Amino acid sequence: MRSIVTSLLVPLVAGSCLPDAISPENRKNLVNPNGETYPVGLFVSSYAASYAAQYLGSILIQEMLGYNATLNLDNLGSGALSGYYGLTGCSTPTNTDDRGCIEGVTTYSHITFESWSGYHHDWKFIQDTYSSMAPINRGNMGYMGFITAFIPKLVQEQAYSTQGVALEFYRNWNVSWNQPWNFFGGISSVEKRNLMPCNASMMQDDPAMRRHVQFTGDTDGVVIANEKYSGRCDDGYWWLPPACRSNPSTCVPWITGGTGWSVEEFMQKFTTWNMPVAVGVAATWGDYTT
């Protein structure tokens, strides 16, 4: 998707997209109270819809509103959550260990389209801690998005036809009643070079890991060092739930993108519902989509 969007926009360098576009020489920059000028910054994250939305938004901002615009293509965000911190002016918004936030600094990222509103704790933290810099939710894009886990149809059919197990229903993953690992390859079947180390992912997010313990009681699923909580990944790449922690060969791999989209949510689900599903994060967008 990235290459497609990019190739479609290449002609804009030499011309405009809209018939009544404001010409480049007549566009303005933003000016802050100190007199500093800069273009409108759109924050792009490394997923296809974000690329498309920011590119389209930049066209409208430049050609209809008459402001110069720039995109952070050299330092992409990892997902909606990094966008929250990017718009707050944090210098390292993708770093789950330290976002680099300082109250009162100038932010050069001002807008992000096609974001997701599922990170309520982080949103509240930003609003409370960096009130003068915190982003504002201006509404939706006109459509809703949903997050779920993908299970191949063939695997679902095999499980149901051979053992009467409906894998699309979460309670059928409970190891007290079923052995869902019989229908999947194990975590050893995934090359670690295609995975992000836990120390670079959401597993390093102290507030998220604290909430995991608070809501599930799974104290064995985290490591506490210097009063900081992180997800326990014995091999450095996979977080294992209680249902298969003592026997990793029975863990079904679950892989997400970014630096850990929905990791906190699914860690709690896999723990609470006694599901033998290991959590991993793809190393790159390409690894996630292939």
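The values are calculated or read from the model by the stated rules, or taken from the named source; none is laboratory data. Model, not experiment: these values are computed from the prediction. Because the Cβ atoms are built from the backbone with ideal geometry, glycine has one as well, and the counts that use them run over all protein chains shown. The area values use the complete protein model at the heavy-atom level, side chains included, leaving out ligands, DNA and RNA. Shrake-Rupley method; radii C 1.70, N 1.55, O 1.52, S 1.80 Å.
Do we have any residue at all in region 138-156 that's open to solvent by 100 Å² or more (accessible area, probe 1.4 Å) and of a type in the set (Val, Ile, Thr)?
To start, the set of residues in region 138-156 that are open to solvent by 100 Å² or more (accessible area, probe 1.4 Å) comprises 138, 140, 143-144, 146, 148, 150, 153-154.
Retained after the next criterion (residues that are of a type in the set (Val, Ile, Thr)): 148.
The answer is yes, given that some residue of region 138-156 is open to solvent by 100 Å² or more (accessible area, probe 1.4 Å) and of a type in the set (Val, Ile, Thr).
Yes or no: residue 78 of a type outside the set (Lys, Arg) and either free of Cβ contacts under 8 Å to residues at least 40 places away in the same chain or in contact with a His (Cβ under 9 Å, 6 or more places away or on another chain) (or both)?
Working: of a type outside the set (Lys, Arg): yes; either free of Cβ contacts under 8 Å to residues at least 40 places away in the same chain or in contact with a His (Cβ under 9 Å, 6 or more places away or on another chain) (or both): no.
Against the criterion (of a type outside the set (Lys, Arg) and either free of Cβ contacts under 8 Å to residues at least 40 places away in the same chain or in contact with a His (Cβ under 9 Å, 6 or more places away or on another chain) (or both)), residue 78 does not qualify.
Looking at the structure I just gave you, is residue 67 in contact (Cβ under 8 Å) with a residue 12 or more places away in the chain, open to solvent by 40 Å² or more (accessible area, probe 1.4 Å), in contact with a Leu (Cβ under 8 Å, 6 or more places away or on another chain) and more than 30 Å from residue 281 (Cα to Cα)? Give the derivation first.
Numbers: in contact (Cβ under 8 Å) with a residue 12 or more places away in the chain: yes; open to solvent by 40 Å² or more (accessible area, probe 1.4 Å): yes; in contact with a Leu (Cβ under 8 Å, 6 or more places away or on another chain): yes; more than 30 Å from residue 281 (Cα to Cα): yes.
Judged against the criteria, residue 67 is a match.
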Just name the residue that is surrounded by the most Cβ atoms within 10 Å (Cβ to Cβ) out of those in region 204-235 that are out of contact with any Phe, Trp or Tyr (no Cβ under 9 Å at 6 or more places or on another chain) and assigned to a loop (DSSP other than H, G, I, E, B). 218
In the set 108, 170, which member is open to solvent by 50 Å² or more (accessible area, probe 1.4 Å) and within 15 Å of residue 83 (Cβ to Cβ)? 108
What tally of residues in region 21-60 results from selecting those that are more than 30 Å from residue 282 (Cβ to Cβ), modelled with pLDDT of 95 or more, of a type outside the set (S, T, N, Q) and part of a loop (DSSP other than H, G, I, E, B)? 6
Under 8 Å between Cβ atoms, at least 6 apart or on separate chains: pull out the pairs that start in region 142-167 with a residue that is within 17 Å of residue 275 (Cβ to Cβ) and outside any helix (DSSP H, G or I) and end on any residue that is open to solvent by 100 Å² or more (accessible area, probe 1.4 Å) and not β-branched (Val, Ile, Thr). 151/168; 166/160; 167/160
Does residue 89 fit the bill of being in contact (Cβ under 8 Å) with a residue 40 or more places away in the chain, part of a loop (DSSP other than H, G, I, E, B) and not basic (Lys, Arg)? yes
Restricting to region 182-193, name every residue that is open to solvent by 30 Å² or more (accessible area, probe 1.4 Å), in contact (Cβ under 8 Å) with a residue 60 or more places away in the chain and closer than 15 Å to residue 279 by Cβ. 184, 190
Restricting the search to region 168-197, which residues are within 28 Å of residue 286 (Cβ to Cβ), out of contact with any Pro (no Cβ under 9 Å at 6 or more places or on another chain) and in a helix (DSSP H, G or I)? 183, 192, 193, 194
Only one of (1) open to solvent by 50 Å² or more (accessible area, probe 1.4 Å); (2) within 25 Å of the chain's Cα centre (by Cα); (3) among the aromatic types (Phe, Trp, Tyr) is not met by residue 160, so which one is it? (2)
Do you know which of the residues in region 98-136 that are over 20 Å from residue 72 (Cβ atoms) and assigned to a loop (DSSP other than H, G, I, E, B) is modelled with the lowest pLDDT? 118
The correct count of residues that are of a type in the set (A, V, I, L, M, F, W, C) and part of a loop (DSSP other than H, G, I, E, B) in region 258-273 is 2
I need the full set of residues from region 35-51 which are touching a residue at least 24 places away in the same chain (Cβ under 8 Å) and either under 14 Å from residue 115 (Cβ atoms) or surrounded by fewer than 16 Cβ atoms within 10 Å (Cβ to Cβ) (or both), in order please. 36, 38, 42, 43, 44, 45, 46, 47, 48, 49, 50, 51
